[in-house]
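Each remark here refers to the structure printed beneath this line.
The values are calculated or read from the model by the stated rules, or taken from the named source; none is laboratory data. Everything numeric in this text was worked out from a predicted model, so none of it was measured. FYI the Cβ positions are ideal-geometry reconstructions off the backbone, even for glycines, and counts take in every protein chain you see.
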Amino acid sequence: MFSLLKFTSLLHYAYRSGSLPAVLFLCLFLNTAVCQTVNFDSLTSVVVEKKPSSFSEVDELFNNFKRDTLKMKYLAEESAKNHYYTGQSFAYNMLGVQARNKSSYDVSINYHRMALSLAEKAKSVDLRVMSLNMMGVTYRRMDAVRSALDYHKLALSIAENTPSKHESILRSTAVSLNSIGNIYLTLKQFDLAEEQFRKALKIEEQLNNKLGLAINYQNLGYVMEGKDSLDIALQNYKKSLKYNEEIDSKLGIMICHNSIGQIYLKQNKPKQGLALIKPTIEVAGEFGDNFYIAMANINTGWALATLGDYKEAEKYLKQGLSVALQHNLQASIADSYNQLSNLKEKEGNYNDALQYLKKYHEYDEKILNEKNLQYTSDLIIKYDTEKKKNQIELLEKENEIVKIKLTQNNKILIFIGLTMLLFVGLLFIIYRQYKLRNERKLLLVEQQMMRSQMNPHFLFNSLNSIKLYIINNDKEKAVYYLNKFSKLIRTILASSQEKEISLADELETMELYINIENLRFSNKINYGVTVDRDLNLNNIKIPSLILQPFLENSIWHGLSTKEGEKIIHINIKNVGSSYINIEVLDNGVGRAKSAELKQKKVLKQKSIGIDLTRERLTNFAKNYRNMFSLTFEDLYDQNNEPKGTKVILQIPLT
């Protein structure tokens, strides 16, 4: 047997001879139980005295010990005594990873911050990038989207601008890309997420890093599942499982089994799904990672609910919810409430189902909200701008060096000038293409909006109603409504030429629209408008015909099936100097009843009016400092019965 005394003697001999590779040889190839445990003190002593500056050397030396928090604390203490910042930074990062896996996020962040500070003292780019990435991963686990994206973006920027692209920098670049992709995935920006994962996958293929390949194929599976491409998602999950099995990653195998099981659930194969998912609860518990413990319980509950075992399903779902709440895992909390809502609906307990659904939306909106989406979009633009700026600055420095060295060579100077012109020309072409694509997209939205307003069914039914007056020889009403109809069509055509109109003109157009639609309801719809006294509607600009989709929804989804009095009312309210509120209220059957009726229809048509309106409002708000908001509110009477819907549209003025 290889003794501790012999190992220690060889270790110190290697150190005295100044050969750190010899130390690496001893630790990697004499990888006995003595080397892995008792001998850690001797290894630490040699490394702390020798002070290797390379992150990859330190990582290989301590690879077998980095999950042991006691050993990493010892390494940090010994490194601090000897002012060995590289070892101290490495140890703190490993301690931060273990704290994160146990959902001690504040402790994890603190360790990574200390690691970052020490990496800067050690002047180690590798450790700086690693520390920033690890902080980003921890914030992502906390669903702190902005902070996570900031740290990963900074890590990626440093890695990409490092001249020496050695293996550890390439791995850090892949980690940054993968993590940014995960953030886009959280925000349901699937195309952006896929782009980042494929970039990371290319680097991992170059490095032949099987763990990295497993992670990125798993994430591509999430993307495809998010796009409802379940067969392609399953292929990616199985590729990830293959790599995890090759490297014997118990954690990776557990994650893959959950994902594959989830696909089986979506493919209506609950027994196959449960067989894969349920055993992962015990595996997740062994790792002590609360994120995966919550995930395994929630998916098990989902599978059991699908199989009709509601009592057991509720037990697992509530267990997953308890872990998620205890450790503030907002995405898992939202998922738990969503599955509990589905479960209560299956049991026929609609009141509890509604309460859980409300909680699901509350937590889901904390993660996926317009501010986060806008922030992500702005950050993408900012990152691209900074990257181009850095490239231009680097190019300028290179040009200055060339000019100093080759002042006598006019041909090379001319060549450089032509190259610069070509570069500027390419940038201009790229900019023009980008601008044309945006203009084309805006034009497409406006065309779709126009088609929405000029709905053939609306035109046909309106003319039929007028024709009925003519047949009944009611000439006055026929002429009256024909004039209204022609004026409405003329107004719609005129408004479609304008991006913005006054609110006064918009309300006048909407009154014409209601008058025509009211023909089909025998004028039973009571329509009214209330405006705050201090508002001048002629000075307030909004996108043309922006209110029509909401009025149409109120009529056809809220009032068309309602018996008795039918009311639509618009309130225009002043909200300080920055906003106005436009409220569209109806006393219809409510959104829940409307959705129920829609499901019973043989022909189901997907409404695109509201989506188009959101896109038009987004383009409109780009010219203002403040952003618009659009919310829908269900109205209930004292008996908690639906009594209509309120749409609240907040329009920026500055």
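Taking the residues in region 607-635 that are within 25 Å of ILE555 (Cβ to Cβ) and either basic (Lys, Arg) or free of Cβ contacts under 8 Å to residues at least 24 places away in the same chain (or both) as candidates, determine which candidate is surrounded by the fewest Cβ atoms within 10 Å (Cβ to Cβ). Looking at the filtered set, the residue picked out is THR631. So which of ASP68, ASP143, ASP126 ends up being buried (at least 19 other Cβ atoms within 10 Å of the Cβ) and more than 21 Å from SER157 (Cα to Cα)? Result: ASP143 is the single residue among ASP68, ASP143, ASP126 that is buried (at least 19 other Cβ atoms within 10 Å of the Cβ) and more than 21 Å from SER157 (Cα to Cα). Of all residues in region 108-132, exactly one satisfies the criterion of being touching a residue at least 12 places away in the same chain (Cβ under 8 Å) and not in a helix (DSSP H, G or I), namely SER124. Within the set TYR151, TYR85, the sole residue that is crowded, with 22+ Cβ neighbours inside 10 Å, at pLDDT 90 or above and over 21 Å from LEU211 (Cβ atoms) turns out to be TYR85.
In contact with a helix residue (DSSP H, G or I) (Cβ under 8 Å, 6 or more places away or on another chain), crowded, with 24+ Cβ neighbours inside 10 Å and not acidic (Asp, Glu) - does that describe any residue in region 205-215? Taking every residue of region 205-215 in turn, at least one turns out to be in contact with a helix residue (DSSP H, G or I) (Cβ under 8 Å, 6 or more places away or on another chain), crowded, with 24+ Cβ neighbours inside 10 Å and not acidic (Asp, Glu). All conditions but one from (1) surrounded by 15 or more Cβ atoms within 10 Å (Cβ to Cβ); (2) at pLDDT 85 or above; (3) out of contact with any Ser or Thr (no Cβ under 9 Å at 6 or more places or on another chain) apply to LYS484; the one that does not is (2).
For region 318-327, enumerate the residues that are part of a helix (DSSP H, G or I), more than 13 Å from ILE277 (Cβ to Cβ) and either touching a Ser or Thr at 6+ places or on another chain (Cβ under 6 Å) or among the basic types (Lys, Arg) (or both). Answer for region 318-327, where residues must be part of a helix (DSSP H, G or I), more than 13 Å from ILE277 (Cβ to Cβ) and either touching a Ser or Thr at 6+ places or on another chain (Cβ under 6 Å) or among the basic types (Lys, Arg) (or both): LYS318, LEU321, ALA324. Flag set for ILE253, criterion: at pLDDT 90 or above and either within 18 Å of THR173 (Cα to Cα) or surrounded by fewer than 20 Cβ atoms within 10 Å (Cβ to Cβ) (or both). Of the candidates ALA334, ALA313, ALA305, the single residue that is part of a helix (DSSP H, G or I), within 19 Å of TYR360 (Cα to Cα), touching a residue at least 40 places away in the same chain (Cβ under 8 Å) and of a type in the set (A, V, I, L, M) is ALA305.
Residue-wise test of (1) surrounded by fewer than 18 Cβ atoms within 10 Å (Cβ to Cβ); (2) within 27 Å of VAL137 (Cβ to Cβ); (3) over 26 Å from the mean Cα position of the chain (by Cα); (4) not hydrophobic (A, V, I, L, M, F, W, C).
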residue: PHE287; (1), (2), (3), (4): yes, yes, yes, no
residue: ASN290; (1), (2), (3), (4): no, yes, no, yes
residue: ALA296; (1), (2), (3), (4): no, yes, no, no
residue: ASN299; (1), (2), (3), (4): no, yes, no, yes
residue: ALA305; (1), (2), (3), (4): no, no, yes, no
residue: LYS311; (1), (2), (3), (4): yes, no, yes, yes
residue: GLU314; (1), (2), (3), (4): no, no, yes, yes
residue: ALA324; (1), (2), (3), (4): no, yes, no, no
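Taking region 88-117 as the search range and keeping residues that are of a type in the set (Gly, Ala, Ser) and within 27 Å of TYR292 (Cα to Cα), which one is modelled with the lowest pLDDT? First the steps, then the outcome.
Just the residues of region 88-117 that are of a type in the set (Gly, Ala, Ser), to begin with: 89, 91, 96, 99, 103-104, 108, 115, 117.
Adding the requirement that they be within 27 Å of TYR292 (Cα to Cα) leaves 91, 96, 99, 103-104, 108, 115.
On the way: ALA91: 92, GLY96: 92, ALA99: 90, SER103: 78, SER104: 87, SER108: 93, ALA115: 92.
Residue satisfying both the conditions and the ranking: SER103.
The one condition from (1) within 21 Å of ILE158 (Cα to Cα); (2) at pLDDT 85 or above that ALA76 does not meet is (1). In the set (1) within 17 Å of SER629 (Cα to Cα); (2) of a type in the set (Gly, Ala, Ser); (3) touching an Asp or Glu at 6+ places or on another chain (Cβ under 9 Å), SER554 fails one condition alone, (1).
Within region 95-107, work out how many residues are assigned to a loop (DSSP other than H, G, I, E, B) and surrounded by fewer than 19 Cβ atoms within 10 Å (Cβ to Cβ).
Start the filter on region 95-107 by keeping residues that are assigned to a loop (DSSP other than H, G, I, E, B), which leaves 102-104.
Adding the requirement that they be surrounded by fewer than 19 Cβ atoms within 10 Å (Cβ to Cβ) leaves 102, 104.
Here the count works out to 2.
When the criteria are applied in full, SER240 fails the requirement of being more than 29 Å from TYR105 (Cβ to Cβ), at pLDDT 90 or above and not assigned by TED's automatic domain parsing to the domain that holds ALA324. Residues of region 133-149 that are in a helix (DSSP H, G or I), in contact (Cβ under 8 Å) with a residue 40 or more places away in the chain and either of a type outside the set (Val, Ile, Thr) or in contact with a strand residue (DSSP E or B) (Cβ under 8 Å, 6 or more places away or on another chain) (or both): ASN133, MET134, GLY136, ARG140, ARG141, ARG146, LEU149. Does any residue of region 108-116 turn out to be in contact with a Gly (Cβ under 7 Å, 6 or more places away or on another chain), buried (at least 22 other Cβ atoms within 10 Å of the Cβ) and aromatic (Phe, Trp, Tyr)? Looking through region 108-116, at least one residue is in contact with a Gly (Cβ under 7 Å, 6 or more places away or on another chain), buried (at least 22 other Cβ atoms within 10 Å of the Cβ) and aromatic (Phe, Trp, Tyr).
Consider region 575-592. How many of its residues are surrounded by 15 or more Cβ atoms within 10 Å (Cβ to Cβ) and either within 32 Å of the chain's Cα centre (by Cα) or part of a strand (DSSP E or B) (or both)? Outline the logic, then answer.
First, pick out the residues of region 575-592 that are surrounded by 15 or more Cβ atoms within 10 Å (Cβ to Cβ): 579-591.
After this cut, where a residue has to be either within 32 Å of the chain's Cα centre (by Cα) or part of a strand (DSSP E or B) (or both) as well, the list is 579-586, 590-591.
Matching residues across region 575-592 total 10.
When the residues of region 259-285 are filtered to those that are of a type in the set (S, T, N, Q) and under 20 Å from LEU241 (Cβ atoms), the one that is surrounded by the fewest Cβ atoms within 10 Å (Cβ to Cβ) is GLN267.
One line per residue, one yes/no per condition, for (1) in contact with a Leu (Cβ under 8 Å, 6 or more places away or on another chain); (2) in contact (Cβ under 8 Å) with a residue 60 or more places away in the chain:
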| residue | (1), (2) |
| --- | --- |
| HIS152 | yes, no |
| ALA155 | yes, no |
| ILE158 | yes, no |
| THR162 | no, no |
| ILE169 | no, no |
| THR173 | yes, no |
| GLN189 | yes, yes |
| ARG198 | yes, no |
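The set of residues in region 178-220 being among the aliphatic types (A, V, I, L, M) and within 19 Å of THR138 (Cα to Cα) consists of ILE180, ILE183, LEU185, LEU187, ALA193, ILE215.
Every residue, every condition in (1) touching a helix residue (DSSP H, G or I) at 6+ places or on another chain (Cβ under 7 Å); (2) surrounded by fewer than 22 Cβ atoms within 10 Å (Cβ to Cβ), yes or no:
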position	(1), (2)
HIS166	no, yes
LEU170	yes, yes
ASN178	yes, no
ALA193	yes, no
PHE197	yes, no
LEU220	yes, no
GLY226	yes, yes
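Here's the yes/no breakdown for (1) at pLDDT 75 or above; (2) over 22 Å from SER168 (Cα atoms); (3) assigned to a helix (DSSP H, G or I):
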residue: LYS6; (1), (2), (3): no, yes, yes
residue: LEU10; (1), (2), (3): no, yes, yes
residue: VAL34; (1), (2), (3): no, yes, yes
residue: VAL47; (1), (2), (3): yes, no, yes
residue: PRO52; (1), (2), (3): yes, no, no
residue: VAL58; (1), (2), (3): yes, no, yes
residue: PHE65; (1), (2), (3): yes, no, no
residue: MET72; (1), (2), (3): yes, no, yes
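Could you please find all residues in region 175-189 being closer than 18 Å to SER229 by Cβ and under 8 Å from the mean Cα position of the chain (by Cα)? Scanning region 175-189 gives TYR184, LEU185, LYS188, GLN189. Residues in region 154-181 that are modelled with pLDDT of 80 or more and basic (Lys, Arg): ARG171 alone.
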